[in-house]
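One structure is given below, encoded as structure tokens.
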2 protein chains.
Amino acid sequence: MEAAKLQNIVDAVMGKLFVELEASGRHVHVTKEQAQMLFGHGLTPKRPLSQPGQYLANERLTVIGPKGEFQNVAVLGPERKEAQIEISLTDGRTLGVEPPVRASGSVQGSPGAVLQGPKGRIILQQGVIAAKRHIHVHSDDAQKLGVRDKQIVKLQTFTDRPVVFADLLVRVSPDFATYVHLDYDEANACGMKPGDLGRIIP
Amino acid sequence: MEAAKLQNIVDAVMGKLFVELEASGRHVHVTKEQAQMLFGHGLTPKRPLSQPGQYLANERLTVIGPKGEFQNVAVLGPERKEAQIEISLTDGRTLGVEPPVRASGSVQGSPGAVLQGPKGRIILQQGVIAAKRHIHVHSDDAQKLGVRDKQIVKLQTFTDRPVVFADLLVRVSPDFATYVHLDYDEANACGMKPGDLGRIIP
């Protein structure tokens, strides 16, 4: 199995068809007004994320659901036009909500939750989703990978528990770094470790 | 997507190639001696599981790791020759252990944990694993499904987040009911709901 995994990686690298996998842990996006209410100030960057301009904030939140809560949850910046709480389906069982699997920004009709910060508390009527797996592709990589914006592809993972994920949305932009984004259910289901690769299957 | 999912299911049913998916939540196996120490008596059946002779016990345990614990964890009977704690990799992060992905019964060198019952506490030096996904096949179904004992196959899921799982071990026995067993990371990664089906790909 280890040999087969290595061979797969070599094949992919030789064909330049590989994309690095990244797992997104549970996190929250807030608006400028909400950051003010929760923290008393806007978000401040702690470190950059793989996607240009995006950052992990120094600020942290408690997310409270009907059945449980998560403390010390990451907040990602910059601020957005609408709040969004991205969790895994496993996390949903802990909180007591059933997040729909949605593309980022698509929160209409999703369950709500309570955000507790050091300076205030906000009750969100909606915003809890499980992020639909997707691939960010820099425009320069799109031709090499043989994909176009909004294409739906499959992805073969070169990981400890190999999987082919179907139904991944490709998004192409000059503002993206090329990465596959999985949530932690998906990352653990395929045994992903940092630096692991996948290959797009059209 | 819903139409495609239905069509896939129809295809599979027509070809009689489908296998029902089951998710195994975190659970514990103990020996007769350990049951005595933890509960003051042997395990008592609450309800049967899909595999003949196996049952969910009335008894429950707390599983304690270096970083966290799970209360009210299911215990499965009948008792075994060696204790085993089956959790997901996600659960491992909560407990603070890194379970290897192993076939049931293969616990050599795996991390330990503490089991707390109403009548006693046991410190296990090993036994925490993530169950390697597998397919139980009744002997009468093996030919229909085109598989033999110990074969490694892939499995396409007809689920909300469709996936092909590679590297599933097939086990054939007249004592088995035919089911795919996934852990909750895998079940959530593919959006599995009770009754969902998969198709074996040789």
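The values are calculated or read from the model by the stated rules, or taken from the named source; none is laboratory data. Predicted model only: the values in this text are computed from it and were never measured. Positions of Cβ are generated from backbone atoms using ideal geometry, with glycine treated the same way; all protein chains shown enter the neighbour counts. The area values use the complete protein model at the heavy-atom level, side chains included, leaving out ligands, DNA and RNA. Shrake-Rupley method; radii C 1.70, N 1.55, O 1.52, S 1.80 Å.
Before moving on, here are some points about what is shown:
- Peptide-level mean, for B:90-97, of C-beta atoms on other protein chains within 10 Å: 2
- Debye intensity ratio in log₁₀ form over the Cα atoms of the protein assembly as shown, taken at each q of 0.09, 0.13 Å⁻¹: -0.60, -1.21
- Cα centroid separation, region B:113-135 to region B:25-74 (Å): 9 Å
- Ordering of A:166-176, B:179-189 by packing is B:179-189, A:166-176, highest average first (other Cβ atoms within 10 Å, averaged per residue).
- Placing a label point 7 Å from the Cα of B:LYS193 along the Cα-to-Cβ direction, no residue of region B:45-61 has a backbone N closer than 19 Å.
- For region A:1-152, radius of gyration divided by Kirkwood radius, i.e. Rg to Rh on alpha-carbons: 1.05
- Evaluated with a Cβ-only charge set (Lys, Arg +1; Asp, Glu -1), the protein assembly as shown carries a dipole of roughly 260 debye about its Cα centre, given to the nearest 20.
- Against the main long axis of the alpha-carbon atoms of chain B, helix B:2-15 sits at an angle near 80°.
- Ranking by accessible area, most exposed first, for B:ILE87, B:ILE152 with a 1.4 Å probe: B:ILE152, B:ILE87
- With 18 Å as the limit on Cα-Cα distance, the pairs of A:LYS154/B:LYS193; A:LYS5/A:LYS193; B:LYS5/B:LYS193; A:LYS67/A:LYS132 that go past it are A:LYS154/B:LYS193; A:LYS67/A:LYS132.
- Those GluC sites (Glu not before Pro) in region A:35-106 that DSSP places in a loop and that have at most 15 other beta carbons within 10 Å: A:GLU82
- A simple spin-label model places the labels of A:GLN126 and A:GLN51 2.0 nm from each other, with each point 7 Å out along Cα-to-Cβ.
- Neighbouring partner chain Cβ atoms per residue of A:112-122, average, 10 Å criterion: 0
- Along the axis of the charge dipole computed for the protein assembly as shown (Cβ charges of +1 for Lys and Arg, -1 for Asp and Glu, origin at the Cα centre), the listed residues A:HIS27, B:THR159, B:LEU43 are led at the positive end by B:LEU43.
- Exercise: per-residue mean of other protein chain Cβ atoms within 10 Å, B:176-182: 0
- Value of relative contact order over chain B, rounded to a whole percent, pairs C-alpha under 8 Å and six or more apart: 25 percent
- Dipole axis of chain A (+1 Lys, Arg; -1 Asp, Glu on Cβ), positive-most option in A:ASN188, A:LEU61, A:GLY92: A:LEU61
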